[in-house]
Amino acid sequence: MKKKIAMYWGAGCGGCDVSLLGVHEKLLDLLGEVDIVFWPCAMDFKYEDLEKMEDGSIDIAFYNGAIRTSENEEIAKLLRKKAKMLVAYGSCATEGCVIGLANLYAREEIFDAIYLNNETTPDGKIPSHELPEFLPVLKTLDSVVKVDAFIPGCPPPKPVLEAALNALLNGKTDFLSNLALCDECPRRDSKPDKLEINEIKRWHSSNDDGRCFLAQGIICMGLATRAGCKAECITASIPCTGCMGGVDGLSGVSAMSAIASLINGEDEEKERKIIESIEDVVGTFFKYSAAKLLPYGRVKDES
Amino acid sequence: MSFEPKIVAFLCNWCAYAGADLAGVSRLKYPANIIPIRVLCSGRIDPEFILHAFRNGADGVFIGGCHPGDCHYIKGNYHARRRILLTKKLLKEMGINEKRLRLEWVSATEGRKFANVVSQFVEEIRQLGPLEAKK
Ligand code: FES
């Protein structure tokens with residue numbers, strides 16, 4: 001019997017929906033094996049249709065995007081009820097992703113920046129129509145409902161997605177690599193035996209000489225990020241920013257720990273300068289996992 | 001009820017923990033607000049330990065290691081120094097007052113210093129008030 005699958009788009013950019021098309025001709029095989037019973041982005045389904053389905057009647061429900069509105073939350077709970085297996089699809093659903101950085105700010109500050117004090121919004125006012133509530137913080141899927149499997153990535157890279165779909169359709173959930181990205185990095189051989197960072201450089205203002213980014217003083221999250229993407233970014237000469245998440249726990253914490261210890265520490269003053277020069281610690285190390293770092297939003301402890 | 005700070009103290013086995021022991025056997029007084037956790041070296045302390053403590057109700061985190069040059073594993077305390085510096089930056093961005101994290105060098109003979117810095121730290125945290133990381 002064909003498996004029934006659903007795909008929902010929560011708070012996200014839409015890239016995840018597109019990434020499913022990125023498996024190219026494999027999609028045709030996939031479509032042959034499954035029945036899509038709900039995919040609002042691609043086909044005409046209404047929430048009512050979903051409500052009418054029997055509980056547990058969907059085999060696999062993929063949820064992409066984070067939970068930012070009451071609507072997102074409602075559908076997450078509904079899908080959980082209707083599906084045997086609920087899968088967090090992509091970085092937003094898994095770790096909150098880039099939009100999770102919004103947890104550094106209060107809801108009022110966000111409204112202020114978007115609606116009230118925004119150059120491109122004259123006479124701004126906060127919309128008062130009947131819209132789903134914008135929740136006080138951004139949540140990841142697993143903080144709202146039980147999740148059976150996670151497909152990381154922003155969006156999930158092709159090799160990861162293929163492995164995941166293959167496994168999930170066969171009832172398996174162990175499709176992720178347990179190695180760090182350095183393991184499959186094309187620049188791996190240029191990593192010196194003893195890495196030492198004497199200066200932190202920003203990628204866009206440095207001349208990439210083709211060696212291991214860390215050896216050049218450019219922060220690369222590869223050392224703490226899960227492998228599996230086949231180092232797509234590095235191949236395109238861009239350091240890893242960690243969208244695949246950590247191998248075990250938050251990649252940001254491991255990367256901070258590792259990179260801090262690689263900094264030249266002969267001289268206390270010098271090491272302080274180097275560390276001070278790391279701008280935006282949350283944005284650098286927790287670009288995709290700020291919602292996990294701050295699940296209740298910014299801490300109020302300014303005193 | 002008055003506020004009693006909860007402080008997690010990670011102390012390295014070879015210096016700070018021995019210093020704390022010495023404070024004890026010398027019958028020096030210091031507030032009972034600290035929960036000491038012995039680690040082999042201050043270099044063993046991952047920023048995750050610190051975040052974990054804050055997430056689970058600590059109002060302050062104290063880290064005690066050997067003086068520079070004295071680490072039993074040669075460089076562990078230098079690693080700790082850099083990690084704590086970076087972690088303080090992270091805490092600030094998260095909205096947590098960086099004063100809630102403190103690194104001190106305490107040798108095995110410095111029982112008095114241990115009692116002093118802990119007393120000071122407890123007072124400082126008492127002034128700051130409870131950390132409500134869950135709100
Ligand atoms: S053993 Fe004390 S800091 Fe390393």
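Using a 1.4 angstrom probe on heavy atoms only, work out the carbon and sulfur share of the accessible area of the protein assembly as shown in %. Show your work: numbers first, answer last.
Working: 11310 of 21280 Å².
So the carbon and sulfur contribution to the accessible surface is 53 percent.
Calculate for chain A the 222 nm mean residue ellipticity that helices alone would give, adding -39,500 (n - 2.57) per DSSP H run of length 4 or more and normalising by residue count, nearest 500 deg cm²/dmol. Spell out each step's value before the answer.
Working: 12 runs with 90 residues, N = 303.
Using -39500 (n - 2.57) per qualifying helix, the result is -7500 deg cm²/dmol.
Kindly list the residues of the range A:171-214 that lie in the label zone of A:LYS270, defined by a backbone N under 11 Å from the point 7 Å along the Cα-to-C-beta vector.
What the label zone holds, given the 11 Å backbone N cut-off, is A:197-199.
With a cut-off of at most 15 other beta carbons within 10 Å, and DSSP calling the residue loop, which trypsin sites (Lys or Arg not before Pro) in the range A:1-92 qualify? Please list them. Don't jump to the answer; show the numbers that get you there.
On the way: sites: A:LYS2, A:LYS3, A:LYS4, A:LYS26, A:LYS46, A:LYS52, A:ARG68, A:LYS77, A:ARG80, A:LYS81, A:LYS82, A:LYS84; in loops: A:LYS2, A:LYS46.
Hits after loop and neighbour filter: A:LYS2, A:LYS46.
What is the packing order of peptides A:251-259, A:31-39, taking the mean over residues of other C-beta atoms within 10 Å and listing the highest first? Write down the numbers at each step before the final one.
On the way: A:251-259: 24.8, A:31-39: 15.1.
Going from most to least packed, we get A:251-259, A:31-39.
Please report Rg (one decimal) and Dmax (integer) in Å for the Cα set of the protein assembly as shown.
24.6, 78
Which whole-Hz ³J(HN,Hα) couplings does the range B:97-104 yield from phi under the Karplus relation 6.51 cos²θ - 1.76 cosθ + 1.60, θ = phi - 60°, glycine and proline marked x?
With the stated coefficients, the range B:97-104 comes to 4, 5, 5, 6, 10, 9, 10, 9 Hz.
Please report how far the C-alpha centroid of the range A:75-100 lies from that of the range B:65-94, rounded to the nearest whole angstrom.
38 Å
Enumerate the calculated ³J(HN,Hα) couplings along the range A:125-131 in order (Karplus 6.51 cos²θ - 1.76 cosθ + 1.60, θ = phi - 60°), each rounded to whole Hz, writing x wherever the residue is Gly or Pro.
Karplus values, whole Hz, x for Gly and Pro: 8, 6, x, 10, 5, 6, 10.
I'd like the mean, over residues of A:288-299, of how many other protein chain beta carbons sit within 10 Å of each residue's own Cβ. Could you put the intermediate results ahead of the total?
Values: counts 0, 0, 2, 0, 0, 5, 4, 3, 5, 3, 4, 11.
Other-chain Cβ atoms within 10 Å of each residue's Cβ, averaged: 3.
Take chain A, connect every pair of alpha-carbon atoms lying under 10 Å apart with a spring to form a Gaussian network, then pick out the residue of A:CYS233, A:CYS220, A:CYS185 with the largest mean-square fluctuation.
In this elastic network of chain A, the residue with the biggest mean-square fluctuation among A:CYS233, A:CYS220, A:CYS185 is A:CYS233.
Report Rg(Cα)/(2.2 N^0.38 Å) for the range A:3-168, keeping two decimals. Don't jump to the answer; show the numbers that get you there.
On the way: Rg = 16.9 Å, N = 166, 2.2 N^0.38 = 15.3 Å.
Output field value: 1.10.
Choose one answer from A:ALA66, A:ALA227, A:ALA215: the residue with the largest mean-square fluctuation in a GNM of chain A with alpha-carbon springs under 10 Å.
Most flexible of the set in this elastic network: A:ALA215.
For the residue pair A:LYS77 and A:THR173, what label-to-label distance in nm results when each label sits 7 Å from Cα along the Cα-to-beta-carbon direction?
Inter-label distance under the simple model: 2.2 nm.
Kindly provide the trypsin sites (Lys or Arg not before Pro) of the range A:202-271 that DSSP labels as loop, not H, G, I, E or B, and whose Cβ sees at most 16 other Cβ atoms within 10 Å. Present the calculation step by step, with values, prior to reporting the outcome.
On the way: sites: A:ARG202, A:ARG211, A:ARG226, A:LYS230, A:LYS270; in loops: A:ARG202, A:ARG211, A:LYS230.
Here the trypsin sites (Lys or Arg not before Pro) that fit, given the DSSP loop and packing criteria, are A:ARG202, A:ARG211, A:LYS230.
Which of the lysines could be linked to A:LYS191 by a straight reach, that is with a Cα gap under 21 Å, when you skip same-chain ones fewer than 8 residues away?
Counting by Cα, and skipping residues close in sequence, A:LYS191 has these lysines nearby: A:LYS201, A:LYS230.
Most mobile of B:PHE49, B:PHE62, B:PHE114 per a Gaussian network model of chain B (Cα springs, under 10 Å)?
Sorting by GNM fluctuation, first place goes to B:PHE49.
Over all residues in A:244-254, what is the mean tally of Cβ atoms on other chains that come within 10 Å of each residue's Cβ? Walk me through the numbers before you get to the answer.
On the way: counts 0, 0, 0, 0, 0, 3, 3, 0, 3, 9, 3.
Mean shielding count: 2.
When only C-alpha pairs under 8 Å and at least 6 residues apart count, what is the relative contact order of chain A, in percent? Show your work: numbers first, answer last.
Details: 548 pairs, mean separation 57.6, N = 303.
Normalised by residue count, the contact order of chain A is 19 percent.
Students sometimes get this wrong: rank A:SER289, A:SER277 by accessible area, probe 1.4 Å, all chains present, largest first. Write out the running numbers ahead of the final one.
Values: A:SER289 5, A:SER277 50 Å².
Descending accessible area places them as A:SER277, A:SER289.
Run a plain Debye calculation on the range A:181-292 (Cα atoms as equal point scatterers, no solvent) and give log10 I(q)/I(0) at q = 0.18, 0.23 Å⁻¹, rounded to two decimals, same order as the q list.
-0.89, -1.43
Please give the peptides A:238-249, B:6-17 ranked by average Cβ packing (other Cβ atoms within 10 Å per residue), highest first, as a rough proxy for protection.
Working: A:238-249: 21.3, B:6-17: 23.3.
Highest to lowest by the protection proxy: B:6-17, A:238-249.
Using only atoms on other chains, find how many Cβ atoms lie within 10 Å of each Cβ of peptide B:122-131 and report the average.
Details: counts 0, 0, 0, 0, 0, 1, 2, 2, 1, 3.
That works out to 1 on average.
Would you work out the relative contact order for the range A:3-168, in percent, from Cα pairs under 8 angstrom that are 6 or more residues apart?
On the way: 285 pairs, mean separation 46.4, N = 166.
In percent, rounded to a whole number, it is 28.
Am I reading the B/A interface right? What is its buried accessible area, both sides, 1.4 Å probe, to the nearest 100 Å²? All intermediate terms of the calculation are to be shown ahead of the outcome.
Values: alone 7650 and 16370 Å², together 21280 Å².
The contact between A and B buries close to 2700 Å².
The values are calculated or read from the model by the stated rules, or taken from the named source; none is laboratory data. Please read these numbers as outputs of a predicted model, since none were measured by experiment. Neighbour counts are summed over all protein chains in view; Cβ atoms, including those assigned to glycine, are modelled from backbone coordinates with ideal geometry. Ligands, DNA and RNA are excluded from the accessible area calculation, which covers all protein heavy atoms including side chains. Shrake-Rupley method; radii C 1.70, N 1.55, O 1.52, S 1.80 Å.
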